[in-house]
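**Student:** Before I ask anything, here is the structure I am working with.
The values are calculated or read from the model by the stated rules, or taken from the named source; none is laboratory data. Here the structure is a predicted model, which means the values were calculated and not measured. For the accessible areas, the whole protein counts, side chains as well, though only heavy atoms, and no ligand, DNA or RNA atoms are used. Shrake-Rupley method; radii C 1.70, N 1.55, O 1.52, S 1.80 Å.
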Amino acid sequence: MVQSERAPLPIVVLLSGSGSNLQAIIDAAQAGLPVDIRAVISNKAEAYGLERARQAGIPTQVLSHKDYADRDSYDAALAALIDGCQAQLVVLAGFMRILSDGFVRRYEGRMLNIHPSLLPRHRGLDTHARALAAGDDEHGATVHFVSPELDAGPIIIQARVPVQAGDTPQALAARVLREEHRIYPQAIRWFAEGRLTLEQGRALLDGQPITP
Ligand code: GAR
């Protein structure tokens with residue numbers, strides 16, 4: 001099917017903070033990225049990303065972990081919200097929660113994450129400070145399919161930035177974030193166009209394995 005015949009892909013975006021990646025996706029959608037952002041869901045009521053969504057007329061939901069007894073019941077409620085939107089792609093955009101294996105398996109091959117490092121380097125938190133502490137001469141960001149192991153799913157696209165003399169974690173984060181705003185809409189476009197798939201644990205673009 002050619003792109004013009006496809007309906008926009010229904011997606012949901014999950015976030016916990018500023019939502020600058022959400023903003024990049026909203027801006028891209030307004031410029032023709034074929035997605036329909038059905039909802040923005042946050043575990044934090046104060047996340048600025050919710051305000052960005054409201055300003056764009058996108059429905060928002062807050063799901064606080066404090067209202068749930070354990071991770072499995074939280075993740076079940078989250079899945080119910082996502083499925084209620086008929087979302088075909090789940091986009092993690094700074095969603096700072098560990099996901100249960102059951103939740104990850106439910107959305108296998110249709111859940112993306114962006115991580116602020118050149119995976120497999122610097123999984124987890126504080127990636128910019130750790131890149132500086134390690135003396136890395138380059139750093140960056142990675143979009144990947146989500147798998148049960150944290151920040152270890154098949155890589156879709158990476159962006160590299162130089163580490164500069166005198167960089168602070170904040171300066172480096174800002175340089176990386178500009179690249180995140182470019183590569184996340186790109187990966188989502190590939191998925192929405194049916195070009196990006198997960199098969200037997202490998203990310204494929206146009207049927208060919210992606211080798212970052
Ligand atoms: C981004 O840098 C994203 O890569 C990171 O959180 C930030 C969210 O910024 N995600 C993670 O660290 C996930 N492990 P944003 O709210 O402005 O999009």
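**Student:** How big is Rg to Rh over the range 31-129, alpha-carbon atoms, Rh as the Kirkwood inverse-mean-distance radius?
**Tutor:** Taking Rh as the inverse mean 1/r over Cα pairs, Rg/Rh reads 0.96.
**Student:** Excluding ligands, DNA and RNA, what is the solvent-accessible area per residue of the range 43-103 at a probe of 1.4 Å, expressed in Å²?
**Tutor:** On the way: 3170 Å² over 61 residues.
I get 52 Å² per residue for this part.
**Student:** Now for a different question. Residue by residue through the range 33-44, which ³J(HN,Hα) values in whole Hz follow from phi under the Karplus form 6.51 cos²θ - 1.76 cosθ + 1.60 (θ = phi - 60°), with glycine and proline marked x?
**Tutor:** Whole-Hz 3J(HN,Hα) from phi for the range 33-44: 4, x, 10, 10, 7, 6, 6, 10, 10, 10, 8, 10.
**Student:** What are the semi-axes of the equivalent ellipsoid of the range 81-212, taken as the square roots of 5 times the eigenvalues of the Cα gyration tensor, listed largest first and rounded to whole Å?
**Tutor:** 27, 16, 13
**Student:** Continuing with this model, one more query. Helix hunt in the chain: which complete DSSP H runs extend at least 18 Å axially by C-alpha with mean Kyte-Doolittle at least -1.0?
**Tutor:** Details: long enough: 71-84 (19 Å, 0.13); 169-192 (33 Å, -0.33).
Answer set is 71-84, 169-192.
**Student:** Could you please put His122, His144 in sequence from largest to smallest accessible area, using a 1.4 Å probe?
**Tutor:** Values: His122 25, His144 5 Å².
Largest to smallest exposure gives the sequence His122, His144.
**Student:** Also, quick follow-up: Amide H to amide H under 5 Å from Val161: which residues, 5+ apart in sequence or cross-chain, H placed 1.01 Å off N in plane?
**Tutor:** Those lying under 5 Å, H to H, from Val161 are His139, Gly140.
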